[in-house]
Structure formats: structure tokens, C-alpha cells
Amino acid sequence: MDVGIVKAILFDFDNTLIETSRAGGIAIQKVGELLKTVLRVDDGAISSICGKFRQKLLLESFDSSGGRTIDEVRVNHMEESIRETVDSAYPPSLASDCYYLWKTSRLQVIALTPDVCCLLKDLRRRYKLLLLTNGESQTQKEKVKAVGCEEYFDAIVVGGDYPEQKPFPSIFSLCFDLLKVEAQDCVMVGDSLDTDIQGGFNAGLRATVWINGGEGHVPEGSAKPDFTIPHVLELPGVLEKLK
């Protein structure tokens, strides 16, 4: 490992700095309440609709050249989830109402905690900070705006704006150019072994830090992080070791 000083930190966004999964859970619960009121079906059917919608989000492959917006695609996810579960008639606007309730509720819940804000402010006094997030461009930018985190970073890179996202080296090279640093000057911090940690390894970063919120050990065959911490607030201890 290079013994040069760390000059920059690249942060993942979802479930690293903000609790996106928790926010999504709260939002889908509100959707379930609306569905139950309108459809008057049992809890099993509501759970099935919500589960199908979440699964479609996980498997989503969005192509902006297809002529539809990400919102239109996701309204269709909800429409399919309802149609696959219930046979009875329902209001034509139900899928749209449910999707936008989910979207707005999630955006209202996500936030940087005061402790994370303090951490970023302190780190920015000593390091260059860059937010590197995978995902569809509109969706991620809406989250960035909702959280109001622009002031904490020297640059923000949304993977959906580029041909390749994490773990491909090209998007990391873009980050290095923006910050005017080399790969060995940087640390990657994120919760995904497949994108953040593997990407940091692929790009030759100084070190990778895995935010492991209780997932257990690194699965066989996955990229091995240089450091593992339970929460991003533990990052200063890692940085001390890299001095």
C-alpha cells in the first residue's frame, strides 16, 4: 500500500450518507395504506403489490432514449404490480397516485443527520470530497436536492449522466480529473461491495472502506475492502490509520 497522504475521499450516497432503504420502507408503507383504502383488499394482497413494485425497482433498467421519463416507467411498475395482484376494477389514477405518494414521501424522509453533516464539514477542511452515486440521473439529482448536500462536496458525479457507472474505472477517472488528484490519493467509501469496493479496486484507489450495516462477512468471491466499519461516522478512525 502506498504511504502517501490521502488527499481526497469519494463517497457513495444511498445507504452510505443517507438511509435510502429506511426512507423507501416508510414510503411504501404509506402506499400500502392508500391501496388498502381504495382497493379494500386484504393485507396479503397489499403486501404482494408493494413487494412486486419494489422488485421491479430492483430489476429496473432505464434507457432515457426510449422516449419515457423515469417517472412514467415507475408509474407503469406500479400499474403492473396492481394489475398482477387484483382482478377488481380500480380508479385509473391509482397507480400514478401511489407512485407519486411513494416518491414524495421518500424524498421527505431522506436527510443527512446532524452528525453526518458535522463529519463532512470537518473532513472538507482537510480533504477534497466528491459524491459519486450510481443511478438514473433525475432520480439521484432529486435526492441530492432534497437532502441539500451540495455545500459539503467539491464535486458531485451522478453515474446516470455517463456511459459507465461504478464499478467501471472510467467514471473514477472522471472524478480524479475533477479533483485534480491521482487514484492513489483517494479513498472510496460506500456500502456496496459490487460497485463501491470493486470499483475502488478496479480504479486503483489508495483504500476502500465498506459501510457494513450488519450484513455480516464479505461473501466469497466479492471484492475485499481494505477497511470495514458499521457507520460512516467511524471513518475518521480509518483515516488516522492511513496517515
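The values are calculated or read from the model by the stated rules, or taken from the named source; none is laboratory data. Just so it is clear, the model here is predicted, and its values are computed rather than measured. A quick note on method: Cβ atoms are made from the backbone with ideal geometry, for glycine too, and the neighbour counts reach across all protein chains shown. Note: areas computed on protein heavy atoms with side chains; ligands, DNA, RNA excluded. Shrake-Rupley method; radii C 1.70, N 1.55, O 1.52, S 1.80 Å.
Side notes on the structure shown:
- Here is the P(r) of the stretch 106-145: all C-alpha pair distances, binned every 5 Å from 0, give 5, 19, 21, 25, 18, 11, 1 in whole percents.
- Accessible surface ranking for Y100, Y90, 1.4 angstrom probe, highest first: Y100, Y90.
- Taking the protein heavy atoms of the stretch 1-76 in the context of the full set of protein chains, the accessible area attributed to carbon and sulfur is 49 percent at 1.4 Å.
- Enclosing the Cα atoms of the chain in their convex hull gives a volume equal to 135 cubic angstrom per residue.
- The sum of -39500 (n - 2.57) across all DSSP H runs of n ≥ 4, divided by the residue count of the chain, sets its helix-only mean residue ellipticity at 222 nm to -14500 deg cm²/dmol.
- Surface accessible to a 1.4 Å probe, per residue, for the residues of the stretch 129-207, Å²: 40
- Estimated dipole of the stretch 59-133 in Debye, rounded to 20 [Cβ of Lys and Arg +1, of Asp and Glu -1, Cα centre]: 840
- Electrostatic dipole magnitude of the stretch 175-223 [Cβ: Lys, Arg +1; Asp, Glu -1; Cα centre; debye, to 20]: 160
- On the basis of the beta-carbon distance and an R0 of 45 Å, V41 and Q184 show a calculated FRET efficiency of 0.20.
- A dipole drawn for the chain from +1 and -1 charges on Cβ atoms has a positive end, and of P236, G66, I82 the residue lying farthest that way is P236.
- Scattering curve values for the stretch 130-175, log₁₀ I(q)/I(0), Debye with Cα scatterers, q = 0.23 Å⁻¹: -0.78
- Cα-Cα over 32 Å, subset of K56/K128; K52/K145; K56/K145; K103/K241: K56/K128; K103/K241
- Kirkwood estimate for the stretch 117-243, i.e. one over the average of 1/r between Cα atoms, Å: 15.1
- Cut-off 18 Å, label 7 Å out along Cα→Cβ of D154, residues of the stretch 195-209 by amide N: 204-208
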